Amino acid sequence: MEPTRRRRHGQELEASLLAAAWQELVETGYARLTMGSVAARARTSEAVLYRRWPNKDRLVLAAFDHQRAANPVAEPDTGSLRGDLLAYLTEVSRTRAAFFAIAAAAAFSGLLADTGLAPARVREKAMGDQRLPHERAIYRRAHERGEIDLDRIPPAVLDMPFDLVRHDLLMDLGPPAADRIRSIVDDLTLPLIRGRL
């Protein structure tokens, strides 16, 4: 006799469905993922999925959000802006490389066409940190230490190191080398920031 399975509800059920969608995406890819395959993996019915997401692309985008939120990358506090940027960008590169590879594969296998979204919007939904650059703890702490003046630095400059690492992760489908991260920080970001002091 099989053990009785406990019914899942609410957030527990939704987390289980999104975890199943993520695993299906990792193992079979976006093109072969179906609402039926996710339902089978989650041991539920397709109707349960369709009550929450109208189609597979919305489910996949929600799975990206869930996976990213469930595995946050902490912003380090090394005592200096340079140290914080190097540590954070290195950790993001190390921990998010597989995530970005899966996102890129999904985009190229139909997610862009199926959602009707521009590539930038899919990137934002699947991978993006929606905070304004001035809200990042790394920059706020540097401002409080007197290293930078956030009121004088354009948001594009503050976004640049994060955008460049995301670009490299998408283009290379792997983490940037340590020398590349050092160059992003030492040769590009810090000189532009210091030019605004």
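The values are calculated or read from the model by the stated rules, or taken from the named source; none is laboratory data. The model shown is predicted, which means the values in this text are computed figures rather than measured ones. Cβ coordinates were reconstructed from backbone atoms using ideal geometry, including for glycine residues, and neighbour counts include every protein chain displayed.
Before moving on, here are some points about what is shown:
- Residue that is modelled with the lowest pLDDT [pool: residues in region 125-146 that are buried (at least 17 other Cβ atoms within 10 Å of the Cβ) and charged (D, E, K, R)]: LYS125
- Tally, over region 32-56, of residues that are surrounded by 13 or more Cβ atoms within 10 Å (Cβ to Cβ) and either touching a residue at least 60 places away in the same chain (Cβ under 8 Å) or not in a loop (DSSP other than H, G, I, E, B) (or both): 12
- TRP22 meets the stated requirement of being of a type in the set (Phe, Trp, Tyr), under 21 Å from ALA98 (Cβ atoms) and at pLDDT 90 or above.
- Region 29-55, subset basic (Lys, Arg) and under 18 Å from ALA15 (Cβ atoms), residue nearest to the chain's Cα centre (by Cα): ARG52
- Residue match in region 180-197 (condition: of a type in the set (Val, Ile, Thr), surrounded by fewer than 21 Cβ atoms within 10 Å (Cβ to Cβ) and within 18 Å of GLU135 (Cα to Cα)): no
- Test: residue in region 101-124 that is assigned to a loop (DSSP other than H, G, I, E, B), among the small types (Gly, Ala, Ser) and modelled with pLDDT under 90: yes
- Among the numbered conditions (1) surrounded by 15 or more Cβ atoms within 10 Å (Cβ to Cβ); (2) among the basic types (Lys, Arg); (3) more than 23 Å from the chain's Cα centre (by Cα), the only one that ARG68 does not meet is (3).
- Scanning region 52-82 for residues that are β-branched (Val, Ile, Thr) and within 30 Å of ILE148 (Cβ to Cβ) turns up VAL73, THR78.
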